[in-house]
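> Mind having a look at this structure? Questions to follow.
The values are calculated or read from the model by the stated rules, or taken from the named source; none is laboratory data. Everything numeric in this text was worked out from a predicted model, so none of it was measured. So basically every Cβ, Gly included, is an ideal-geometry build from the backbone, and we count neighbours across all protein chains shown. Accessible surface areas use protein heavy atoms only, side chains included; no ligands, DNA or RNA. Shrake-Rupley method; radii C 1.70, N 1.55, O 1.52, S 1.80 Å.
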Amino acid sequence: MATAPKAAENAIGLEEIHTERQEPPKGQKTFTVEEAVETIGFGRFHIVLFLIMGSTGVAEAMEIMLIAVVSPLIRCEWQLQDWQVALVTTMVFFGYMVFSIVLGLLADRYGRWKILLLSFLWAAYFSLLTSFAPSYIWFVFLRAMVGGGVSGHAQGLIIKTEFLPTKYRGYMLPLSQVFWLAGSLLIIGLASVVNPTIGWRWLIRIASIPGILLILVFKFIPESARYNISTGNVAAALATLRRIAKMNGAAMPEGVLREPAKERRGRFKDLIHPKYFRTTLQIWIIWLGIAFAYYGVILASAELLERDLVCASTAPPVQDSGGDSEESRSPCHCRLFGPAAYQTMIISTVGEIALNPLNILGINFLGRRLSLCITMGCTALFFLLLNICTSSTGMTGFLFMLRALVSANFNTIYIYTAEVYPTTMRALGMGTSGSLCRVGAMVAPFISQVLMSASFLGALCLFSSVCVVCAISAFTLPIETKGRALQ
């Protein structure tokens, strides 16, 4: 039994890379970046870090959610069919998926901070260009470029994670959801005022402002000390750690900053080794299904409001009373959002944080697998409930619960994926899962905006079925990570 750990390590092909470094004099104390971060602890620097890097979620949410509130207007302006409206969202996530891989590789080579700055400049530039798009084709291309830039915003989360002490990391993901919520609410609120008055082009220009403002404050955040030490830049890493200690009013560890020999980062074949193959396959299914359901809810909400599918006779119409009746009867379903529609979108969006306390309790007391199984099962149920004839209030309640549940699903699978893989495979596991997440997001528009037009119940049944498959996959995951130390 004593050889089991060694055998397991050999089985997944982990190799060590011994870097050249000067050994400290015998008896001299040394410390690593990890030990320094833990010794310095949480303080003023981390609060500033959380506010600035967390705010990247505001800019990201505004750019991603923008399509949901401009779809009715571009449909009217260019007389688009359902598949053309769906293609806009799909291309945004295609750009996101492709560039996330490229920018991730560049971040490992040139640094997180540089790529984060580049991604914000890129996204702001192409977002502004989108507001001048002369045609539908140009609009699709430019939004795909925006999606590519937004994919680099993930480096803000990485920087934040690499500076945080271990015991605080578990709280950051649920709290970070507040920034995404703020961005979503902000773009809906702006749309309700800007779209009916000065138009969607000005909405896009205004939506790019938060990203531009964040660029100006990035200078207050240093490059990751872990990245610097991994490239051999010990002086920069040490200077950063001393700066953090000074801001927090804490003392640095005694000794010299040294890093031990590092193991090679996991390869793709490690993920599909028999030891992790089943876990990896089921995690991929869950990630794809959760993204499919999440963006399906968002886009289905827009379709429900735009087409006034609330079947109760007492439901208030979504279309503005002064709308053009000829446009309303057009085959392109040219119906603009009114105040009631924006109010419903805001209420349902607030749902994303409504279940956070229960989600945290479930994760920590029921375990990751059972908690995810329950929330995915409830998501499937509420998708089917959308088909019930109800009042506008009832429909708003269903959408509110759906947004709460899909958000809880994302929180749980993110934590589980980070915990289930060993350190040498963790980044690779998260990266491949994120790519599949975008595939689910790319498919969702064609179900919410195309299939739903042909068969409303059929689209809901498809969303519900995918959630049931994810619930089963979550319940049968071979490893429970609750209370389990990181490998």
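> List every residue pair whose Cβ atoms lie under 8 Å apart, where the two residues are 6 or more positions apart in sequence or sit on different chains, the first residue falls within region 198-218 and is free of Cβ contacts under 8 Å to residues at least 24 places away in the same chain, and the second residue, located anywhere, is part of a helix (DSSP H, G or I).
Short answer, once both residue conditions are applied: Ile206/Leu190; Ile206/Val194.
> Can you find a residue that is small (Gly, Ala, Ser), open to solvent by less than 50 Å² (accessible area, probe 1.4 Å), over 19 Å from Ile159 (Cβ atoms) and assigned to a helix (DSSP H, G or I) anywhere in region 199-220?
Yes: one or more hits.
Matching residues to (1) more than 19 Å from Ile209 (Cα to Cα); (2) at pLDDT 80 or above; (3) assigned to a helix (DSSP H, G or I); (4) in contact with a strand residue (DSSP E or B) (Cβ under 6 Å, 6 or more places away or on another chain):
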residue: Leu105; (1), (2), (3), (4): yes, no, yes, no
residue: Lys114; (1), (2), (3), (4): yes, yes, yes, no
residue: Leu117; (1), (2), (3), (4): no, yes, yes, no
residue: Ala124; (1), (2), (3), (4): no, yes, yes, no
residue: Leu128; (1), (2), (3), (4): no, yes, yes, no
residue: Phe132; (1), (2), (3), (4): no, yes, no, no
residue: Gly147; (1), (2), (3), (4): no, yes, yes, no
residue: Glu162; (1), (2), (3), (4): yes, no, yes, no
residue: Lys167; (1), (2), (3), (4): yes, no, yes, no
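> With respect to Leu361, is the statement that it is closer than 24 Å to Gly440 by Cα and surrounded by fewer than 17 Cβ atoms within 10 Å (Cβ to Cβ) true?
no
> Regarding region 299-309, can at least one residue be identified that is of a type in the set (Gly, Ala, Ser), modelled with pLDDT of 65 or more and not in a loop (DSSP other than H, G, I, E, B)?
yes
> Considering only residues that are surrounded by fewer than 24 Cβ atoms within 10 Å (Cβ to Cβ) and either in a helix (DSSP H, G or I) or touching a residue at least 12 places away in the same chain (Cβ under 8 Å) (or both), which ones fall in region 387-397?
Listed by number, the residues that qualify are Asn387, Cys389, Thr390, Ser391, Ser392, Thr393, Gly394, Thr396, Gly397.
> Answer yes if at least one residue in region 210-229 is touching a strand residue (DSSP E or B) at 6+ places or on another chain (Cβ under 8 Å) and either at pLDDT 90 or above or not aromatic (Phe, Trp, Tyr) (or both), and no otherwise.
Going through region 210-229, the residues touching a strand residue (DSSP E or B) at 6+ places or on another chain (Cβ under 8 Å) turn out to be 229.
Filter again for either at pLDDT 90 or above or not aromatic (Phe, Trp, Tyr) (or both), leaving 229.
Among the residues of region 210-229, at least one is touching a strand residue (DSSP E or B) at 6+ places or on another chain (Cβ under 8 Å) and either at pLDDT 90 or above or not aromatic (Phe, Trp, Tyr) (or both), which makes the answer yes.
So that you can scan it fast, the table gives a plain yes or no per residue for (1) modelled with pLDDT of 80 or more; (2) surrounded by fewer than 20 Cβ atoms within 10 Å (Cβ to Cβ):
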{"residue": "Leu14", "(1), (2)": "no, yes"}
{"residue": "Thr19", "(1), (2)": "no, yes"}
{"residue": "Ala36", "(1), (2)": "yes, no"}
{"residue": "Arg44", "(1), (2)": "yes, yes"}
{"residue": "Ala61", "(1), (2)": "yes, no"}
{"residue": "Leu66", "(1), (2)": "yes, no"}
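> How many residues, within region 77-105, are open to solvent by 20 Å² or more (accessible area, probe 1.4 Å) and either over 20 Å from the mean Cα position of the chain (by Cα) or within 21 Å of Val297 (Cβ to Cβ) (or both)?
Within region 77-105, residues that are open to solvent by 20 Å² or more (accessible area, probe 1.4 Å) and either over 20 Å from the mean Cα position of the chain (by Cα) or within 21 Å of Val297 (Cβ to Cβ) (or both) number 11.
For (1) in contact with a Pro (Cβ under 7 Å, 6 or more places away or on another chain); (2) among the aliphatic types (A, V, I, L, M); (3) closer than 30 Å to Tyr125 by Cα, each residue gets a yes or a no:
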{"position": "Ile204", "(1), (2), (3)": "no, yes, yes"}
{"position": "Phe220", "(1), (2), (3)": "no, no, yes"}
{"position": "Ser224", "(1), (2), (3)": "no, no, yes"}
{"position": "Tyr227", "(1), (2), (3)": "no, no, yes"}
{"position": "Pro253", "(1), (2), (3)": "no, no, no"}
